[in-house]
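The block underneath contains the structure these notes are about, expressed in structure tokens.
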Amino acid sequence: MPLNDKEKMIAIISNGIAVFSLLQERDELPKNTTMYDFILKVVPEDIKSELNVDLIDEIFQYVISTHSS
């Protein structure tokens with residue numbers, strides 16, 4: 001069964017957070033790049049309608065909570 005657009009968005013945001021964190025640790029991000037800016041750049045146009053700040057925040061909080069336990 002293929003993923004729906006929301007499931008794809010969750011996967012892309014999770015991956016975007018991970019890649020952003022790695023690039024941030026390596027000091028390889030352009031100056032003043034926020035996590036939100038980075039995620040906006042990696043989300044495909046065909047599913048951008050599913051993207052919102054609340055979803056990014058919710059996924060970020062979940063990722064942080066799973067890594068800190």
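The values are calculated or read from the model by the stated rules, or taken from the named source; none is laboratory data. Because the structure is a prediction, the values reported are computed rather than measured. With ideal geometry, Cβ positions are generated from the backbone for all residues, glycine too; neighbour counts draw on all protein chains shown. Side chains are part of the model used for accessible areas, which takes the heavy atoms of the whole protein and leaves out ligands, DNA and RNA. Shrake-Rupley method; radii C 1.70, N 1.55, O 1.52, S 1.80 Å.
Filtering segment 10-35 to residues that are open to solvent by 80 Å² or more (accessible area, probe 1.4 Å) and of a type outside the set (S, T, N, Q) leaves LEU22, GLU25, ARG26, ASP27, GLU28, PRO30, LYS31. Looking only at segment 25-47, decide whether some residue is within 8 Å of the chain's Cα centre (by Cα) and touching a residue at least 40 places away in the same chain (Cβ under 8 Å). No.
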